[in-house]
Amino acid sequence: MIDLPWDFTAIPRFFPGFYAAALLTLQITFFGILVGLILGLVTGLMRLSKNPILNMPAKAYIWVIRGTPLLLQLMIIYYGLIDLVSIDRMPAAILGLGVHNGAYIAEIFRGAIQSVERGQREAALSLGMTETQAMRRIILPQAFKRSVPPLGNQFIIALKDSSLASAIAVRELLLRARQMGSSTLMMLEMLMIVGVYYLLMTTVLNLLMGRIEKLLEVSDYKD
Amino acid sequence: MIKIRGLNKWFGDLHVLKDIDMDVSPKEVVVVIGASGSGKSTLLRCLNFLEFAQKGHIYIDGVEANAKSRNLHTVRADVGMVFQHFNLFPHRTVMGNVIEGLTQVKKTPYKEAVEHGEDLLRKVGLSDKAYVYPAMLSGGQKQRVAIARALAMKPKIMLFDEPTSALDPELVGEVLQVMKNLAIEGMTMMVVSHEMGFAREVGDRVVYMDEGRIIEEGPPSEIYSNPKNERTKAFLGQIL
């Protein structure tokens, strides 16, 4: 029998030792997405405005953030700005992930808003609604629904990208795996544990988004 | 009710409305005909300020309105519009569609709005569909909901932009019937449509447009049986 250099029985044994790290991963992801959604909605709407005072900053934000790596953005926030403001590592990770995702979510919202037929806005205006009312009551509810599938995709990317917070010393799953790997000399085993954690979390997230999609779908056809 | 003077509209280099002068009296039913691209839909959309003319004047009930008017939305509330593709709100029930303008624009209390909505749905023969979503309706039913939705605002005039041209032939009749009833009740209407039967039965005037101009207008019997202009003749020859 071949003697493998790995001890896979360590996987179930050490698995519970990653709970706290997984919780941190979930926290960064959750609050990062929350910040991203708010930033995304605001900049998505600004991006659609005809007023250059509104759309130019939005375009610049999306251009810069999508055009540079998240890892660099995290380092700028945590290490780079240290002389200006000292941000703790957790808030820095959340802010970084939020700002990064905001740019992508802005584009998702913009696409979804633009995909709502022109006639919807026209019908709303023809009833005497203001542009704001038409947006809030008629266009946004339809756009939100259409943005659910791409948002689900973005949330999964965000969850996995939260592993980059390890680079600014947040003891989330990946950093925990590296530390445990070094101390136990079982690097592959520890990395596989976090692999399982990520897979479990993305699977649950996927199922959740599928559920939401289904729920929203039926709401239009309910008799 | 509506007075249009020297209206000109361009889409880029394309001159789509050329020196349009037109009046619509209260309770009058005007049917606008013309080939696609003749500017008839654009004219209608200018009257509801979904498009803005670059030159000329539009007076609704004696008050001039244009792109710079501050209360454009209140002007629009007085002008009902029915679209070719219905444009119902898919995320609202039939009742939700009908009372949207009432609750949001007129700030009518919900209960009162629903009562009014029930009356309107009865009028268009769709009382049994009040709490169904638009996706469950046929094209003819959708268009009747759209008419009820516009009527809810108690508009001074109703504009119909090819209301039956997206419908299967067997569904055209039910929509025209609702429109006829409206005309009989004395609603001022401007209808872009090639439905000759409708124009003959309830139309007071037919306006023929070509290449952005009003070429000929007159009572339906005259326009359809005895057109004077060569272009009107050629056009009617094609559609009849």
query = How much area per residue is accessible in chain B when the probe is 1.4 Å and only protein heavy atoms are counted (Å²)?
reply = 43 Å²
note = Listed residues B:Phe49, B:Phe11, B:Phe86; largest mean-square fluctuation, Gaussian network over chain B with Cα springs below 10 Å, found at B:Phe11
query = Leaving out ligands, DNA and RNA, what percent of the accessible area of region B:17-86 is carbon and sulfur, probe 1.4 Å?
reply = 46 percent
remark   = extent check for region B:10-115: Cα max minus min per principal axis, descending, whole Å, gives 47, 30, 29
message = Please compute the modelled spin-label separation between B:Leu14 and B:Glu170, points set 7 Å along Cα→Cβ, answer in nm with one decimal.
response = 3.6 nm
Translational diffusion coefficient (Stokes-Einstein; Kirkwood radius from C-alpha pairs) of the protein assembly as shown at 37 °C, 0.692 mPa s, in µm²/s = 125 µm²/s
task = Mind telling me which of A:Ser182, A:Ser49, A:Ser126 comes out most flexible in a GNM of chain A, alpha-carbon contacts under 10 Å?
result = A:Ser126
request  = Take every DSSP beta bridge whose two residues both sit in the protein assembly as shown, then give the antiparallel share in percent to the nearest 5.
outcome  = 55 percent
task = Against the globular-protein guess of 2.2 N^0.38 Å, express the Cα radius of gyration of chain B as a ratio, rounded to two decimals.
result = 1.01
task = Place +1 on the Cβ of every Lys and Arg and -1 on the Cβ of every Asp and Glu in the protein assembly as shown, take the dipole about the Cα centre, and give the residue among A:Leu71, B:Ser193, A:Pro150 whose Cα lies farthest towards its positive end.
result = A:Leu71
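Per DSSP H run of n ≥ 4, the term is -39500 (n - 2.57); total these for the protein assembly as shown, divide by its residue number, and report the mean residue ellipticity at 222 nm rounded to 500 deg cm²/dmol.
-17500 deg cm²/dmol
Buried accessible area for the A:B pair, summed, 1.4 Å probe, in Å² rounded to 100?
Answer for the A-B pair: about 2200 Å² buried.
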key: Accessible carbon and sulfur surface of chain A relative to its total accessible area, %, 1.4 Å   = 69 percent
inquiry  = Just to confirm the number: angle between the C-alpha axis of helix B:139-151 and the first principal axis of chain B, 0 to 90 degrees, nearest 10?
reply    = 90 degrees
Heavy-atom accessible area per residue - region A:71-188, 1.4 Å, Å² = 43 Å²
message = Going by Cα centres, region B:152-193 and region A:34-104 are how many Å apart?
response = 51 Å
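Work out, step by step, the length gained on full extension between B:Lys154 and B:Glu201: first 0.36 nm times the residue separation, then minus their alpha carbon distance; give nm to one decimal.
Gain in length upon complete extension: 14.5 nm.
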task = Taking only Cα atoms and a 10 Å spring cutoff, compute GNM fluctuations for chain B and point out the largest among B:Asp210, B:Asp161, B:Asp19.
result = B:Asp19
Long pairs among A:Lys50/B:Lys106; B:Lys3/B:Lys156; B:Lys123/B:Lys180, criterion Cα-Cα beyond 23 Å = A:Lys50/B:Lys106
message = Could you work out the pair-distance distribution P(r) of region B:173-216 from its alpha-carbon pairs, with 10 angstrom bin width and percents rounded to whole numbers?
response = 24, 54, 20, 2
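Averaged over its residues, how many other protein chain Cβ atoms are within 10 Å of peptide B:79-92's Cβ atoms?
Numbers: counts 2, 3, 5, 2, 4, 1, 3, 2, 10, 3, 9, 10, 10, 4.
Whole-number average of other-chain Cβ neighbours for B:79-92 is 5.
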message = If I model a spin label at A:Asn55 and A:Thr132 as a point 7 Å from the Cα along the Cα→Cβ vector, what separation in nanometres do I get?
response = 2.1 nm
request  = With all protein chains present, calculate the accessible area of A:Trp6 using a 1.4 Å probe and round the result to the nearest 10 Å².
outcome  = 110 Å²
remark   = Pseudo-spin-label distance A:Thr203 to B:Thr74, built 7 Å along Cα→Cβ, given in nm, is 6.1 nm
ask   = What are the trypsin sites (Lys or Arg not before Pro) within region A:3-85 that DSSP puts in a loop, where the Cβ has at most 12 other Cβ atoms within 10 Å?
value = A:Lys50
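Mind listing which GluC sites (Glu not before Pro) in region B:157-240 are in a DSSP loop and have 12 or fewer other Cβ atoms within 10 Å?
Hits after loop and neighbour filter: B:Glu185.
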remark   = For B:Val82, the residues 5 or more places away or on another chain with a placed amide H closer than 5 Å to its own amide H are B:Leu159, B:Phe160, B:Asp161
inquiry  = Checking a compactness column here: for region B:122-223, what do you get for Rg(Cα) / (2.2 N^0.38 Å), N being the number of residues?
reply    = 1.15
query = Taking every eigenvalue of the Cα gyration tensor of region A:107-223, multiplying by 5 and rooting it, what semi-axes result, largest first, whole Å?
reply = 44, 16, 8
remark   = The percentage of Cα-Cα pairs in chain A separated by more than 29 Å is 40 percent
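What number, in percent, do you get for the relative contact order of chain B if the mean sequence gap of Cα pairs under 8 Å and at least 6 apart is divided by its residue count?
About 27 percent, as a whole number.
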ask   = Can you pull the percent of region B:182-239's accessible area that's carbon plus sulfur, 1.4 Å probe, other chains left in place?
value = 44 percent
query = Mind listing which chymotrypsin sites (Phe, Trp or Tyr not before Pro) in region B:125-203 are in a DSSP loop and have 14 or fewer other Cβ atoms within 10 Å?
reply = B:Tyr131
ask   = To one decimal place, what orientation-averaged projected area in nm² is obtained for the convex hull of the Cα set of region A:141-205?
value = 5.2 nm²
request  = Just the number, please: Stokes-Einstein D of region A:137-179 in µm²/s, Kirkwood Rh from C-alpha pairs, 4 °C, 1.567 mPa s.
outcome  = 105 µm²/s
query = How high is the relative contact order of region B:186-236, given as a whole-number percent (alpha carbon pairs under 8 Å, six or more residues apart)?
reply = 24 percent
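The values are calculated or read from the model by the stated rules, or taken from the named source; none is laboratory data. Keep in mind that what you see is a predicted model, and the values were worked out from it rather than measured. Reconstructed Cβ throughout: ideal geometry from the backbone, glycine too, with neighbour counts over all protein chains shown. Side chains included, ligands, DNA and RNA excluded: accessible areas come from the protein's heavy atoms. Shrake-Rupley method; radii C 1.70, N 1.55, O 1.52, S 1.80 Å.
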